[in-house]
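Before any comments, here is the structure.
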C-alpha cells in the first residue's frame, strides 16, 4: 500500500528530507525513492563537492534543536535533517574511551534489505570546542551514540514536520571506500493525545462483512492507530503508534478499559470491539481497520514481555503480517 502526495510527500510513511527530492517509504518501512545524485564520496574535516549545507555545518554545534518537552527526551539538543542530510552530535566509544563529535551524514538508499534508510558519513569535527550554550542556557547534549567500536549507531533526530524519531542502525562494513550506517529501526517519539477519538469517528464508512459497528481507526496526521480489542475475556481500547523497521508494526502508547457507558452507534446499538488478541502459542492478532476511505483486514502477531498482561503490561507491539483491502 502506497499513499503519496506531491505537496506533503507522505501520508503513511516518514519524511526523510525537507527538499523537493525527498525520500519516500512504503508503509512497511522499505525505501522506494531516494536522491540519486550522491556527489563525491568522502568524509573528514575538509570541505568538498557533495557535502551538505555550509550554513548548517558552520553553526557552533550540531544538531542545534531542542526536542518538545512533552516527548520526555533526556537531551536538550538532538539531531536534525535538512535537505537530505542529517546533522547531529554523536558520542563515539572505542575501546572504552568516549569522545564527542559533530557529524554530517547524507541520507541515501539502503543496501541491506529491510533497512529503513542509510546514512553515509561525510565529515566530522570536535563537538562544541568553544563551550557555547544551547537555547536553554545550558551546555548542549549529544543525542547520538556509536557503541561496540562504532558498529552500532543510535540517535534522536527531528525530521521537521514529520516528527522526532529514535533511530537505530548498524555499520555496513561491506563498503571499502565509505562509512555507511544502515538504519534498521525508526520509532516516532510522541506524547499521548489529550483526547481519544469519539466512538462515532470509528464507525466504518461502509458495510463490514463481520458486522462490526465500530472498527479500528488510523488517524491520518500522526498515523496513530486506535483499536478496541478483546483479550483474556476483557475489552480494552488501545492507542498505538507506527514503528518502521523490517516490517510494519505498531507499538502501544496507552490503554484503557473499554467502557462505552450509554454511547450508541448509528445503528442504535452499543459500540462493539472488532480486534481480537489470542493469548496462546500463536499470540495472533486480527482487526478490521479504516484507513482513509478504505477498509482493511489486518492480521499479525502480538509481541509483549513474557509473564505480563499483553495490554496492561509494558512493551506491547503488534507486528503486521498482512493488510488486505475489503
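Read-outs: derived from the displayed coordinates by stated rules, not from any lab. Because the structure is predicted, anything quoted here is derived from the model rather than measured. For neighbour counting, all protein chains shown are included, and Cβ atoms are generated from backbone atoms with ideal geometry for every residue, glycine included.
Structure notes:
- Each residue, residue 170 and residue 263, gets one label point 7 Å from its Cα in the Cβ direction; the gap between the two is 4.3 nm.
- Highest mean packing comes first when the peptides 307-315, 273-281, 115-123 are listed by Cβ atoms within 10 Å, giving 115-123, 273-281, 307-315.
- Gain upon complete extension [residue 326, residue 56; 0.36 nm per residue less C-alpha separation]: 92.5 nm
- The rule of thumb for compact globular proteins, 2.2 N^0.38 Å, goes into the C-alpha radius of gyration of the stretch 200-325 1.00 times.
- Here each label is just a point 7 Å from Cα along the line to Cβ, and for residue 201 and residue 131 those points are 4.9 nm apart.
- Relative contact order (%) - criterion: Cα under 8 Å, at least six apart; region: the stretch 200-325: 23
- Looking at the stretch 200-325 alone, DSSP beta bridges between its own residues are antiparallel in about 90 percent of cases.
- Mean Cβ neighbour count within 10 Å, used as a protection proxy, ranking 231-240, 252-261 highest first: 231-240, 252-261
- Which of 325, 178 has the fewest Cβ neighbours within 10 Å, and the rest in rising order: 325, 178
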